[in-house]
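Chemist: Next up is a structure, given as structure tokens.
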Amino acid sequence: MNVVVCIKQVPGKIKIEIDPQTNTLIRGGSDNTINPFDMYALEEGIRLKERYQGKVIVISMGPPQVEGTLREAVALGADEAILLSDPVFEGSDTWATSYVLSKGLMKLGQFDIVLCGRQSIDGETGQVGPQLAELMGLPFVSYVSKVEEMRDGQMKMQRMVEEGHQLIEMTLPGVISVVKEINVPRLPSLRGLMQSKKARITVWAAQELGVDVSKVGLSGSPTQIVKVFYPQRIRQVELLQGSVESQVNQLIEKLRETKVL
Amino acid sequence: MDSNSPGEVWVFAEHTNGRIKGIVYELITRGRKLADDLGTRLSAVCFGHGIEGLEQLTAYGVDKVYMVDNPASTEKEEEFFSKELVDLIQRQKPAILLAGATALGSSFIPRVAAALETGLTANCTGLEIDPETKLLVQTRPSYGGIIMASITCPKKRPQMATVRPHAFKKGRPDQTRQGEVVRVDFAQKPVTSRTRLLNVINDLNTKIKLEEADIIVCGGRGLVKAENFHILAELAEVLGAALGSSRPPVDDGWIAYSHQIGQTGKTISPKLYIACGISGAPQHLAGMQTSEIIVAINEDPRAPIFEMATYGIVGDLFKVVPMLTTRLRELRSG
Amino acid sequence: MEYFLNEQQKTVKSLARMVAEQRILPVRAELDEKEEFPWDLIGEMANSDLMRIFIPEKYEGLGGGCLDLCLVVEELSRVCGGIAISYGANALGALALINYGTEEQKGKYLPDIAAGRRLTAFALTESTAGSDAANIRTVATREKGGYLINGTKQFITNGGEAEIYTIIAMTDPAKGSRGASALIVEKNTPGFSFGKKEKKMGIRSSATRELIFRDCRVPEENIIGREGLGFIIAIRTLDRSRPGVGAQAVGIAQGALEAAVDYARQRIQFGHPISSIQAVQHMLADMATELEAARALVYAVAKTIDAGAKSFTEEAAMAKVFATDMAMKVTTDAVQILGGAGYMRDYPVEKMMRDAKITQIYEGANQVIRNTIALELLKRKGRQE
């Protein structure tokens with residue numbers, strides 16, 4: 001059984017700098033690491049491998065330094081790591097990213113399930129999972145909080161929605177995105193860390209993926225960022241003074257004035 | 001389809017248990033403005049069977065409702081939705097499609113965008129028509145709200161955006177407004193869904209959902225231990241508010257993850273947000289900074305939450321909150 | 001200070017820190033309060049292969065050295081001294097086997113220890129024999145096919161939780177200090193039971209119990225080395241583990257120093273953070289300096305052991321006594337800097353102070369350790385080296 005986990009490298013410490021020419025962020029954070037939600041996806045993938053016997057293949061699109069993050073995934077238990085990297089991919093929006101990932105998955109061949117994290121902590125769209133599914137013609141379930149079982153080509157799972165949970169069955173192969181509730185990710189083992197240093201990372205560029213370069217990168221993406229700016233902080237806090245009783249009374253007064261109460 | 005007039009502005013009318021969701025009216029109000037700015041019509045698209053209250057869509061500003069009716073479909077079969085919506089869009093060619101950033105909206109709307117090879121901007125807090133280019137300018141927070149990005153989809157159509165609840169205000173309905181309802185049949189080929197809803201477990205034991213609450217009382221590490229959440233629960237009860245938490249209490253197991261507000265939890269935008277014992281880490285602010293009125297109660301005058309708050313009380317929450325609860329109870333009964 | 005650790009050491013250190021911060025930190029106060037043995041955390045540490053570090057590769061270990069072990073103990077101690085000693089005592093219990101055991105013995109026990117499936121303990125101390133280790137009364141009488149053990153060991157770390165015990169008992173009381181032997185006794189052996197769990201001042205999550213032997217029979221293959229080697233094995237084993245105690249002290253002190261610095265920065269009195277007060281700055285400076293000196297000494301001794309030094313009794317003793325006395329001082333000062341808050345159990349430093357105290361006492365009370373150092377020193381000076 002082949003389990004694919006899509007991961008994204010994000011900065012651990014965010015350093016915001018806006019490139020005035022391209023209106024993109026200079027991704028100059030430090031402590032690059034696996035996107036936190038993807039950790040849950042990876043953990044779930046490894047658990048599925050342990051439960052049903054198979055292989056975990058981790059895949060990511062990004063610049064060459066993403067190799068380090070892929071090795072982190074191998075240290076945790078991924079069996080294979082694939083990096084989709086090419087200068088033309090830079091500046092891709094979610095559609096273009098999903099497109100490149102879909103090419104990667106098609107080149108990979110056979111797989112049973114694809115796991116993604118709910119969203120990335122930098123882009124925060126949560127769109128790659130469903131868009132990838134659509135481009136591959138696969139079913140998709142979002143916000144999965146528990147995988148009940150995989151059997152006879154079906155996956156039964158619980159999904160978190162605003163009102164509570166749903167029990168859903170999906171025909172495989174398919175794509176899911178997971179939420180934090182699903183598991184507690186393991187820590188790496190020493191043997192895993194040492195093996196990951198020697199692990200081979202497969203790298204595929206645009207040509208071998210058969211990517212149409214007019215559809216990716218800053219110029220090929222359907223969406224364009226026209227402006228990046230710091231939000232206006234219009235609030236100036238009013239600190240209520242006096243005794244606790246006085247503060248409470250003042251607060252109630254003000255909230256009534258604004259008709260909130 | 002008149003090729004001279006710009007394409008329509010569409011709103012996806014999501015419903016649950018047969019009733020249209022609140023976010024839809026907020027989208028219609030905003031969509032009406034966009035349609036007017038573009039000089040085009042505003043339509044709503046609704047999938048389902050036996051949905052009540054379609055006249056309300058018109059009352060809030062919609063000119064036409066596309067009712068995609070299939071008696072056999074249940075409300076959550078997303079694969080039906082995405083294929084039908086793609087077909088409908090390809091036939092009618094709207095310029096803009098807006099939807100709520102709900103669980104449903106987060107899964108099938110991106111699929112629709114992908115199938116159409118068009119751009120989608122999620123969780124928008126701002127939507128404007130650029131007067132020169134006539135493009136939809138979609139503004140959204142990134143990196144936990146540290147920066148805002150304005151995005152357009154210059155070439156592909158429709159320009160798609162999802163919007164969080166409370167990002168826009170709902171306008172006033174005009175019951176005299178006229179509009180039409182167009183019934184659309186499902187495409188000829190039956191689509192076998194590859195995802196099936198087996199069961200619904202409504203196990204959220206709170207009556208008031210965080211995402212839709214007007215008032216939220218939220219607790220953080222300053223509560224010191226799990227039991228102290230009851231102090232906030234009492235305040236929430238008096239206010240008719242939902243109860244939320246920052247991340248540390250959830251991580252420590254004091255309260256369930258469904259209450260977590262912040263970058264790795266829920267994003268909310270209530271009218272009133274009361275933060276008790278919360279320092280205001282960026283990850284938490286990301287989840288609540290668009291609240292209308294923020295009240296912060298914290299012992300530490302330098303807590304970052306005070307930079308975000310409308311009103312602040314520097315004090316001991318164990319004294320302030322119970323007193324607030326008591327005063328409010330007195331006012332309610334007296 | 002940068003110690004230019006090699007790749008393996010850096011990996012080991014950062015993994016231990018990850019485990020400590022992500023798994024131990026959230027529960028340390030609760031475990032201390034409830035005096036619960038941290039089985040879940042033992043499992044976590046085992047999953048991360050931390051138990052494999054001190055086991056030779058041949059027996060499914062990673063063949064790490066003394067410095068690797070010290071790095072792990074230090075990182076664990078920085079977060080919780082109680083968890084760290086449970087880990088450290090486990091290494092101590094395996095040391096005699098590793099250095100003096102037969103192939104059969106090592107093959108039988110070490111793989112389970114490496115996998116974290118079974119814990120170990122080392123048992124020398126008795127009610128009549130603390131610093132006066134030679135005064136032990138537990139006897140292991142030779143009989144056909146094995147030994148019959150009678151006696152009681154006191155204050156044994158991991159007692160009751162461990163399954164594999166290395167005990168020192170008198171096989172030939174007439175021979176005095178040359179009449180002791182090291183033996184392996186497994187939990188659930190008939191005649192082997194435990195006393196109640198001790199209620200301690202600190203390291204409360206660690207389990208400390210009496211070991212009670214009443215006509216407990218062990219087969220003859222359970223003797224480690226030869227009869228009569230007991231005290232030599234004990235002394236050499238303790239020499240090797242002393243840097244680990246030093247590392248524990250360094251770790252505890254590190255946690256305390258960080259807490260003190262953080263607090264001093266944000267505590268405002270007289271309109272300024274107290275970190276701007278020179279008296280406080282001097283305290284912090286002394287704490288940091290002594291801590292770094294202790295760390296450097298511990299690492300140097302660990303390295304000398306790893307490099308194959310033939311004798312390191314004096315150096316290991318120095319590392320232990322200096323680091324543990326330092327930890328007591330640094331943790332006490334940390335409580336002082338946090339002031340009233342430092343005395344409250346809601347803040348971590350009072351626990352660190354309680355945890356630090358035992359390090360001055362066990363594995364050789366510091367007064368006895370000083371005797372050891374003096375003896376070695378005077379021996380050497382006498383030989384005009």
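The values are calculated or read from the model by the stated rules, or taken from the named source; none is laboratory data. Remember, it's a predicted structure, so these values are computed and weren't measured experimentally. Backbone-built Cβ (ideal geometry, glycine too); neighbour counts: all protein chains shown. Heavy atoms of the whole protein, side chains included, go into the accessibility calculation; ligands, DNA and RNA do not. Shrake-Rupley method; radii C 1.70, N 1.55, O 1.52, S 1.80 Å.
Chemist: Per residue of A:134-142, count partner chain C-beta atoms within 10 Å of its C-beta, then hand back the mean as an integer. It would help to have the intermediate numbers written out before the result.
Modeler: On the way: counts 10, 4, 1, 2, 1, 7, 9, 4, 8.
Across the residues of A:134-142, the mean count of other-chain Cβ atoms within 10 Å is 5.
Chemist: Among DSSP beta bridges whose residues both lie in the protein assembly as shown, state the antiparallel percentage, nearest 5.
Modeler: Values: 71 of 150 bridges.
Antiparallel: roughly 45 percent of the beta bridges in the protein assembly as shown.
Chemist: To the nearest 10 degrees, how steeply does helix C:7-19 sit against the main Cα axis of chain C, on a 0 to 90 scale?
Modeler: In chain C, helix C:7-19 runs at an angle near 80 degrees to the longest axis.
Chemist: Provide the percentage of antiparallel DSSP beta bridges, counting only those with both residues in chain B; round to the nearest 5. Before the final figure, lay out the partial values.
Modeler: Details: 11 of 58 bridges.
Given both bridge residues lie in chain B, the antiparallel proportion sits at roughly 20 percent.
Chemist: In this model, which of C:10/C:187; C:197/C:329; C:199/C:329 are farther than 26 Å apart at the alpha-carbon? Spell out each step's value before the answer.
Modeler: Values: C:10/C:187 36 Å; C:197/C:329 28 Å; C:199/C:329 24 Å.
Those over the limit are C:10/C:187; C:197/C:329.
Chemist: What's the ranking of C:106-113, A:251-258, A:76-83, B:249-256 by average number of surrounding C-beta atoms within 10 Å, highest first?
Modeler: Working: C:106-113: 20.1, A:251-258: 14.9, A:76-83: 21.8, B:249-256: 17.4.
Ranked by mean Cβ neighbours within 10 Å, highest first: A:76-83, C:106-113, B:249-256, A:251-258.
Chemist: Ignoring any ligand, DNA or RNA, what whole percent of the accessible area of the stretch C:253-385 comes from carbon and sulfur when the probe is 1.4 angstrom? All intermediate terms of the calculation are to be shown ahead of the outcome.
Modeler: Details: 3970 of 6960 Å².
Roughly 57 percent of what the probe reaches on the stretch C:253-385 is carbon or sulfur.
Chemist: About the Cα centre of the protein assembly as shown, how large is the charge dipole given +1 on each Lys and Arg Cβ and -1 on each Asp and Glu Cβ? Please answer in debye to the nearest 20. All intermediate terms of the calculation are to be shown ahead of the outcome.
Modeler: Working: 115 positive and 118 negative charges, 228 e Å.
Value, rounded to 20: 1100 debye.
Chemist: Kindly express, to the nearest 10 degrees and within the range 0 to 90, the angle between helix B:22-38's C-alpha long axis and the longest C-alpha principal axis of chain B.
Modeler: 50
Chemist: Suppose every Lys and Arg Cβ carries +1 and every Asp and Glu Cβ carries -1, with no other charges. What dipole size does the stretch C:231-379 come out with about its Cα centre, to the nearest 20 debye? Provide the component values of the computation, followed by the final result.
Modeler: Values: 16 positive and 16 negative charges, 55 e Å.
Dipole magnitude for the stretch C:231-379 comes out near 260 debye.
Chemist: For the stretch C:329-346 and the stretch A:37-59, compute the distance between their C-alpha centroids and round to whole Å.
Modeler: Taking the Cα centre of each part, the stretch C:329-346 and the stretch A:37-59 sit 45 Å apart.
Chemist: Per residue in the stretch A:203-233, which ones lose no less than 40 Å² of accessible surface when going from chain alone to all protein chains (1.4 Å probe)?
Modeler: Going by heavy-atom accessible area, the residues of the stretch A:203-233 that drop by at least 40 Å² are A:222, A:223, A:224, A:226, A:229, A:231, A:233.
Chemist: Count, for each residue of B:292-304, the Cβ atoms from other chains sitting within 10 Å of its Cβ, then give me the mean as a whole number. All intermediate terms of the calculation are to be shown ahead of the outcome.
Modeler: Values: counts 2, 5, 2, 6, 2, 4, 0, 0, 2, 2, 2, 0, 0.
Per residue, the average neighbour count from other chains is 2.
Chemist: So, one more: Indicate the residues belonging to the stretch A:97-121 that lose 10 Å² or more of solvent-accessible heavy-atom surface (probe 1.4 Å) upon moving from the chain alone to the assembly of all protein chains, ignoring ligands and nucleic acids.
Modeler: A:118, A:119, A:121
Chemist: With a 10 Å radius around each residue's Cβ, average the other Cβ atoms per peptide and rank C:304-317, B:13-26, highest first.
Modeler: On the way: C:304-317: 16.2, B:13-26: 19.3.
Per-residue Cβ counts within 10 Å, averaged per peptide and sorted highest first, yield B:13-26, C:304-317.
Chemist: If amide H atoms are built 1.01 Å from N in the plane of the peptide, which residues on other chains or at least 5 residues away come under 5 Å of the amide H of residue C:138?
Modeler: Long-range HN contacts for residue C:138: C:152, C:170.
Chemist: Which whole-Hz couplings ³J(HN,Hα) result when phi for each residue of the stretch A:175-187 is put into the Karplus expression 6.51 cos²θ - 1.76 cosθ + 1.60, θ = phi - 60°, listed in order with x for Gly and Pro?
Modeler: Result, rounded to whole Hz: 10, 9, 10, 10, 10, 4, 4, 5, 6, 10, x, 6, 8.
Chemist: Quick check: the angle from helix C:103-114's long axis to the longest principal axis of chain C, C-alpha only, nearest 10 degrees?
Modeler: Roughly 30 degrees between the two axes.
Chemist: Could I ask something else about it? Would you compute, from DSSP H runs of 4+ residues alone, the mean residue ellipticity of chain C at 222 nm, taking -39500 (n - 2.57) per run and dividing by the full residue count, rounded to the nearest 500?
Modeler: Numbers: 11 runs with 200 residues, N = 385.
Theoretical 222 nm ellipticity from helices: -17500 deg cm²/dmol.
Chemist: Now for a different question. Pick from A:63, A:222, A:231: which is most flexible by mean-square fluctuation in a GNM of chain A where alpha carbon atoms under 10 Å apart are linked?
Modeler: A:231
Chemist: Please average, across the residues of A:193-202, the number of beta carbons from any other chain that are within 10 Å of each residue's own beta carbon, and give a whole number. Mind dumping the intermediate values first?
Modeler: Numbers: counts 8, 6, 0, 1, 2, 0, 0, 0, 0, 0.
Shielding by partners across A:193-202 averages 2.
Chemist: Based on the alpha carbons, how large is the Rg to Rh ratio for chain B when Rh follows Kirkwood? Can you show the working numbers first?
Modeler: Numbers: Rg = 21.9 Å, Rh = 21.5 Å.
Rounded to two decimals, Rg/Rh equals 1.01.
Chemist: Short version: ³J(HN,Hα) in whole Hz for each residue of the stretch C:198-205, in order, from phi by Karplus 6.51 cos²θ - 1.76 cosθ + 1.60 (θ = phi - 60°), x for Gly and Pro, what are they?
Modeler: 6, 9, 10, 5, x, 6, 6, 7
Chemist: A follow-up question, please. Residues of the stretch C:7-118: accessible area per residue at 1.4 Å, in Å²?
Modeler: On the way: 3910 Å² over 112 residues.
Roughly 35 Å² per residue, with all protein chains present.
Chemist: For the stretch C:116-179, take the alpha-carbon Rg, divide it by the Kirkwood Rh, and send me Rg/Rh.
Modeler: Values: Rg = 12.6 Å, Rh = 12.6 Å.
Rg/Rh: 1.00.
Chemist: Also, quick follow-up: Let me spell out the model: positive unit charges on the Cβ of Lys and Arg, negative unit charges on the Cβ of Asp and Glu, origin at the Cα centre of the stretch C:17-163. What dipole size does that give, in debye rounded to 20?
Modeler: Numbers: 15 positive and 22 negative charges, 100 e Å.
The calculation lands at about 480 debye.
Chemist: A follow-up question, please. What are the equivalent ellipsoid semi-axes of the stretch C:90-241, built from the alpha-carbon gyration tensor (square roots of five times its eigenvalues), in whole angstrom, biggest first?
Modeler: Details: eigenvalues 85, 69, 47 Å².
Ellipsoid half-lengths, sorted descending, are 21, 19, 15 Å.
Chemist: If ligands, DNA and RNA are left out, what is the accessible area of residue A:106 with a 1.4 Å probe, given in Å² to the nearest 10?
Modeler: Residue A:106 exposes around 110 Å² with every protein chain in place.
Chemist: Moving to a separate point now. Quick check of the Kirkwood formula: for chain A, what is the inverse mean of 1/r over all pairs of different Cα atoms, in Å?
Modeler: On the way: mean 1/r = 0.0492 Å⁻¹.
Evaluated on chain A, it is 20.3 Å.
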